[in-house]
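**Student:** Sending over a structure as structure tokens; questions will come in a sec.
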Amino acid sequence: MPCAAGLHPRCAIIRGFFRAAKTDFPVPNVDLHCHSTASDGLLAPADVARRASANGVELLALTDHDDIAGLPAARKAANAEGMAFVSGVEVSIEWEGTQIHVVGLNFDPENETLNAGLATIRAGRIERALRMSAELEKIGIADAFAGANRFAENPNLISRAHFARYLVEAKVCKDVRSVFESYLVPGRPGYVDHRWAELSDAVAWIAGAGGVAVVAHPARYKISMGAMRRFLTDFREMGGQAIEVVSGSHSLDDVGTFGRLAREYGFYASRGSDFHGPKESYVDLGMLGYLPDGLKPVWSLF
Ligand code: AMP
Ligand code: MN
Ligand code: MN
Ligand code: MN
């Protein structure tokens, strides 16, 4: 059912809560950040697309971590639903010692440099997972690498989320959230430092493939506002064009803060749920507030 007409019941509810002020034109329901089993999501790529469409999403990007293997199936299902679709990926980078995520949108998925760069990150993930497993072994949690791999449908893309699911199954913790708090974040026994891609490389791969580089969920990083400003300046100088303003990880305050920063830096604004699965995510596909007034939607570039 076309969401722009305001007919989709769930969309109507969201609009009631979050309507962008003073728009007398239909606001499209756009979701440009979500995951499938090609990385650490719980649904197959085609099921993500079908669920997005059922939720009233009109433009979707699938943005798996460091892998674009899910794009063909998601695009096909999106087409079958009559929902617009653009390519996406969420690239893991390290900037001044902090792990940061850069989303790439609407790039050429065949681009060789981008594909080679992502393959390098995936190889690093396997090596990191082995080190994580060795650390967990030291505190009495055996075989975590094999256990996490059982939860990873894509054996080349192993994430902390797969470890978390295994540790819940092994009854080490009651849920994924507590596993992260107790074992998988900096300072905890299962966390290991890792060298991810360089920010400059990630932006160059995305831009070189004709895409737009977007800072994912900027409020999530535990860095000062001064460091955030330096990061945004670096990102813009390297060719980054957009930041997520409305995100499943953002509070209303965060939306205000990053909306203002988007205006100040001249960034386009993006909107994405970061949906991973029905029981693991607070925010379902497309179920988010709309961009604040006066921002340039990143999808106006597509
Ligand atoms: P990785 O890219 O392997 O470092 O894993 C990061 C992923 O773990 C994120 O994309 C989320 O899916 C998940 N994650 C990170 N922090 C948390 C948390 N506190 N609670 C639940 N999942 C988390
Ligand atoms: Mn994830
Ligand atoms: Mn992320
Ligand atoms: Mn994500």
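The values are calculated or read from the model by the stated rules, or taken from the named source; none is laboratory data. This one's a predicted model, so the numbers in the text were calculated from it and none came from an experiment. Cβ sites come from the backbone with ideal geometry, for glycine too, and all protein chains shown count toward neighbours. Quick note on the areas: whole protein, heavy atoms, side chains included, nothing else; ligands and nucleic acids left out. Shrake-Rupley method; radii C 1.70, N 1.55, O 1.52, S 1.80 Å.
**Student:** Taking K and R as +1 and D and E as -1, what net charge do the other residues with C-beta under 12 Å from the C-beta of Glu198 add up to?
**Tutor:** Around Glu198, the charge tally is -3.
**Student:** Taking the Cβ of Ser182 as the center, what net charge do the other residues with Cβ under 14 Å away carry, scoring Lys and Arg +1 and Asp and Glu -1?
**Tutor:** Working: positive: Arg160, Lys171, Lys174, Arg177, Arg188; negative: Glu135, Asp175, Glu181.
Net charge around Ser182: +2.
**Student:** Taking H as built 1.01 Å from N, whose amide H comes closer than 5 Å to the amide H of Asp66, not counting residues under 5 places away?
**Tutor:** Result for Asp66 returns Glu90, Val91, Ser92.
**Student:** Oh, and also: Using θ = phi - 60° and the Karplus relation 6.51 cos²θ - 1.76 cosθ + 1.60, list the HN-Hα couplings for the range 279-287 in order, rounded to whole Hz, with x at every Gly or Pro.
**Tutor:** For the range 279-287, the Karplus curve yields 9, 9, 10, 6, 10, 7, 3, x, 8 Hz.
**Student:** Run the accessible area of the range 225-282 with a 1.4 Å probe and give the carbon-and-sulfur part as a rounded percent.
**Tutor:** On the way: 1250 of 2550 Å².
Taking all protein chains in place, the range 225-282 shows 49 percent carbon and sulfur surface.
**Student:** Please build a GNM for the chain, connecting alpha carbons under 10 Å apart, and tell me which residue among Val103, Val255, Val245 fluctuates the most.
**Tutor:** Per the Cα network of the chain with a 10 Å cutoff, Val255 tops the list.
**Student:** Near the amide H of Leu32, under 5 Å away, which other amide H atoms are found, from residues 5 or more places off or on another chain, if H is placed in the peptide plane?
**Tutor:** Hits under the 5 Å cutoff: Ala61, Arg271, Gly272, Ser273.
**Student:** HN-Hα J couplings of the range 115-129 from phi, Karplus 6.51/-1.76/1.60, θ = phi - 60°, integer Hz, Gly and Pro as x?
**Tutor:** Using θ = phi - 60°, the values come out as 4, 5, x, 5, 4, 5, 5, 4, 4, x, 4, 5, 4, 5, 4 Hz.
**Student:** Just the Cα atoms of the chain, one point each, no solvent: what log10 I(q)/I(0) does Debye give at q = 0.07, 0.08, 0.11 Å⁻¹?
**Tutor:** Here log10 of I(q) over I(0) equals -0.25, -0.33, -0.64.
**Student:** Hey, how many Å between the Cα centroid of the range 70-122 and the Cα centroid of the range 199-217?
**Tutor:** Rounded to whole Å, the Cα centres lie 10 Å apart.
**Student:** On to the next question. By DSSP, what percent of the beta bridges with both residues in the chain are antiparallel, rounded to the nearest 5?
**Tutor:** On the way: 12 of 29 bridges.
Beta bridges within the chain, antiparallel portion: roughly 40 percent.
**Student:** Let me ask you something else. What residue among Gly140, Gly82, Gly240 shows peak mean-square fluctuation when the chain is described by a Gaussian network model with Cα springs under 10 Å?
**Tutor:** In this elastic network of the chain, the residue with the biggest mean-square fluctuation among Gly140, Gly82, Gly240 is Gly140.
**Student:** Now for a separate question. Could you rank the peptides 220-227, 70-77 by their average count of other C-beta atoms within 10 Å per residue, with the highest value first? Don't jump to the answer; show the numbers that get you there.
**Tutor:** Details: 220-227: 12.2, 70-77: 20.6.
Peptide ranking by packing, descending: 70-77, 220-227.
**Student:** Work out, in µm²/s and without decimals, the Stokes-Einstein translational diffusion coefficient of the range 138-195 at 4 °C, 1.567 mPa s, Rh from Kirkwood over C-alpha pairs.
**Tutor:** Stokes-Einstein gives a translational diffusion coefficient of 113 µm²/s.
**Student:** Same structure, new question: I need the P(r) histogram for the range 174-254: all alpha carbon pairs, bin width 5 Å from 0 out to the longest distance, whole percents.
**Tutor:** Per 5 Å bin, starting at 0, the Cα pair percentages come out as 3, 12, 16, 20, 20, 16, 10, 3, 1.
**Student:** A follow-up question, please. Taking 2.2 N^0.38 Å as the expected size of a compact globular protein, what ratio does the Cα radius of gyration of the range 99-247 give against it, to two decimals?
**Tutor:** Working: Rg = 17.0 Å, N = 149, 2.2 N^0.38 = 14.7 Å.
Output field value: 1.15.
**Student:** When the dipole is taken about the Cα centre of the range 157-302, and only Lys, Arg (+1) and Asp, Glu (-1) are charged at their Cβ, what size is it in debye, to the nearest 20? Could you put the intermediate results ahead of the total?
**Tutor:** On the way: 17 positive and 16 negative charges, 50 e Å.
Dipole size: approximately 240 debye.
**Student:** Sort largest first and round to whole Å: the equivalent ellipsoid semi-axes of the range 164-302, each the square root of five times a Cα gyration tensor eigenvalue.
**Tutor:** Values: eigenvalues 167, 73, 44 Å².
The equivalent ellipsoid of the range 164-302 has semi-axes of 29, 19, 15 Å.
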